[in-house]
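The values are calculated or read from the model by the stated rules, or taken from the named source; none is laboratory data. What you see is a predicted model, and the numbers here were worked out from it, not measured in a lab. Note: ideal-geometry Cβ built from the backbone for every residue, glycine included; neighbour counts use all protein chains shown.
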Amino acid sequence: MAEPGPPRGVFVLAVNPCAGRGRALADAHRAAELLRTGGDEAVVLSAGDLTALLELVRDHLRERALTTRALVVVGGDGMVQAGLGVLVELAAQGVDIPLGVVPCGTGNDLARHYRVPLRDPVAAAGRILRRLDDPEPRRLDVGRVRFPDGRTCCFATALCAGFDAVVNERANRWLRLGGSTKYLLAVLVEIVRLRTVRYRLEIEDAGGRCRTERREGVLLNVANTSSIGGGLSIVPGAREDDGLLDLFTVAPLGRARFLFLFPRLFSGRHVALESVRIERVRSVAVDAADVTAYADGERLGPLPVRVDVLPAAVRVLA
């Protein structure tokens, strides 16, 4: 009997072991088992510290760049954000490695946008395998955030800089709760402190025209995909591959009107409301006093920030 040939390539699975209330590592091994069925290797990388994990991932991808089939992120949107940062770094060096997602985090909004199966690592891994030889590969635009001190970071779904960021901060403290439930509870807690924010915006619109304006609001997002917070469909028509971002703002509202608006965010029916404004932009600089920016559910730091887009930066197997 002939000896089996060498593996054709390797899938690198990066795992946040805390995601899914500790379920992520088991999910990663279940996904890896399926990914090996075509004769490829599947290496599961995990570490308690995100910095250490990303160094492991970088080392593996650099050493085996030519044979790596994909970086598969097992976790939530924060873990996707971390993996994207590595892939964008490598793309700048001419190394194009696709991204796969096995969702098991809290929000999973990138997976929701692509309709990747949730809570089913085998089905998610199957999607990755089917997309490997897609004749029309999917590309993901990546949002880029720049701070005045020169620090930069990437995001897949949206940057939040209003009431939604405050909710994120509250929800992230509740480690025992999962899914969209904790975002809903955080909304109910924070609604009593709802405040109007006065923004200074420098906008480059879809046509390349630039303007500066002052705008008041309770919500502000710079969105790349359709939802935040585990299914709040802030920009239902968002396209992840159009080379643009969507600036989403909600004008000042009282608590009663905000509570009228909020349930409509799940269905997308809010877009017809007079207080809601959505516009396609190439970039936007956002400044406001005492506001912390979040992206992909992760805390970035205080405003000001400048946000632009890296068009078609990463191939996605989803």
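Given the options VAL43, VAL10, VAL72, name the one that is closer than 30 Å to ALA171 by Cα and either modelled with pLDDT of 90 or more or among the hydrophobic types (A, V, I, L, M, F, W, C) (or both).
Testing whether each residue is closer than 30 Å to ALA171 by Cα and either modelled with pLDDT of 90 or more or among the hydrophobic types (A, V, I, L, M, F, W, C) (or both) leaves just VAL72.
Quick one: in the range 273-309, of everything that is among the charged types (D, E, K, R), in contact with a strand residue (DSSP E or B) (Cβ under 7 Å, 6 or more places away or on another chain) and not in a loop (DSSP other than H, G, I, E, B), which residue is nearest to ARG151 (Cα to Cα)?
Filtering the range 273-309 for residues that are among the charged types (D, E, K, R), in contact with a strand residue (DSSP E or B) (Cβ under 7 Å, 6 or more places away or on another chain) and not in a loop (DSSP other than H, G, I, E, B), the one nearest to ARG151 (Cα to Cα) comes out as ARG306.
Taking the condition within 18 Å of ASN168 (Cα to Cα) and charged (D, E, K, R), does ASP246 pass?
The answer is no for ASP246.
Within the range 17-39, does at least one residue satisfy the condition of being in contact with a strand residue (DSSP E or B) (Cβ under 8 Å, 6 or more places away or on another chain), basic (Lys, Arg), surrounded by fewer than 16 Cβ atoms within 10 Å (Cβ to Cβ) and modelled with pLDDT of 90 or more?
yes
I'm checking my understanding of the structure. Among residues of the range 235-257 that are outside any loop (DSSP other than H, G, I, E, B) and touching a strand residue (DSSP E or B) at 6+ places or on another chain (Cβ under 8 Å), which one is surrounded by the most Cβ atoms within 10 Å (Cβ to Cβ)?
Top of the filtered list is LEU245.
For the range 94-117, enumerate the residues that are part of a loop (DSSP other than H, G, I, E, B) and not hydrophobic (A, V, I, L, M, F, W, C).
GLY94, ASP96, PRO98, GLY105, THR106, GLY107, ASN108, ARG115, PRO117
Could you tell me whether GLY75 is in the same structural domain as ALA28 (by TED's automatic domain parsing), among the small types (Gly, Ala, Ser) and touching a Gly at 6+ places or on another chain (Cβ under 8 Å)?
For GLY75, the condition - in the same structural domain as ALA28 (by TED's automatic domain parsing), among the small types (Gly, Ala, Ser) and touching a Gly at 6+ places or on another chain (Cβ under 8 Å) - is met.
Identify, please: which residue in the range 108-138 is among the basic types (Lys, Arg), within 23 Å of LEU232 (Cα to Cα) and in contact with a strand residue (DSSP E or B) (Cβ under 9 Å, 6 or more places away or on another chain) and is, among those, surrounded by the most Cβ atoms within 10 Å (Cβ to Cβ)?
ARG112
Could you check CYS104 against (1) farther than 30 Å from GLY38 by Cα; (2) modelled with pLDDT under 95; (3) within 14 Å of the chain's Cα centre (by Cα) and say which number it fails?
For CYS104, the exception is condition (1).
Can you find a residue that is under 15 Å from VAL314 (Cβ atoms) and modelled with pLDDT of 90 or more anywhere in the range 161-175?
no
Here's the yes/no breakdown for (1) out of contact with any Ser or Thr (no Cβ under 8 Å at 6 or more places or on another chain); (2) not β-branched (Val, Ile, Thr):
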residue: SER227; (1), (2): no, yes
residue: ASP246; (1), (2): yes, yes
residue: PRO252; (1), (2): no, yes
residue: ARG282; (1), (2): yes, yes
residue: VAL314; (1), (2): yes, no
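Quick check: is even one residue across the range 120-140 under 17 Å from GLY85 (Cα atoms), in a strand (DSSP E or B) and not small (Gly, Ala, Ser)?
Checking the range 120-140: at least one residue is under 17 Å from GLY85 (Cα atoms), in a strand (DSSP E or B) and not small (Gly, Ala, Ser).
Take VAL95 and tell me if it is on the phi < 0 side of the Ramachandran plot, β-branched (Val, Ile, Thr) and crowded, with 19+ Cβ neighbours inside 10 Å.
So VAL95 fails the test.
Got a number for residues in the range 256-280 being under 21 Å from the mean Cα position of the chain (by Cα) and of a type in the set (S, T, N, Q)?
Residues flagged as under 21 Å from the mean Cα position of the chain (by Cα) and of a type in the set (S, T, N, Q) within the range 256-280 amount to 1.
So that you can scan it fast, the table gives a plain yes or no per residue for (1) modelled with pLDDT of 95 or more; (2) farther than 29 Å from ARG139 by Cα; (3) outside the structural domain of ASN168 (by TED's automatic domain parsing):
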{"position": "CYS210", "(1), (2), (3)": "yes, no, no"}
{"position": "ARG215", "(1), (2), (3)": "yes, yes, no"}
{"position": "GLY230", "(1), (2), (3)": "no, no, no"}
{"position": "ASP241", "(1), (2), (3)": "yes, no, no"}
{"position": "LEU244", "(1), (2), (3)": "yes, no, no"}
{"position": "PRO252", "(1), (2), (3)": "no, yes, no"}
{"position": "ARG255", "(1), (2), (3)": "no, yes, no"}
{"position": "LEU259", "(1), (2), (3)": "no, yes, no"}
{"position": "ARG277", "(1), (2), (3)": "yes, no, no"}
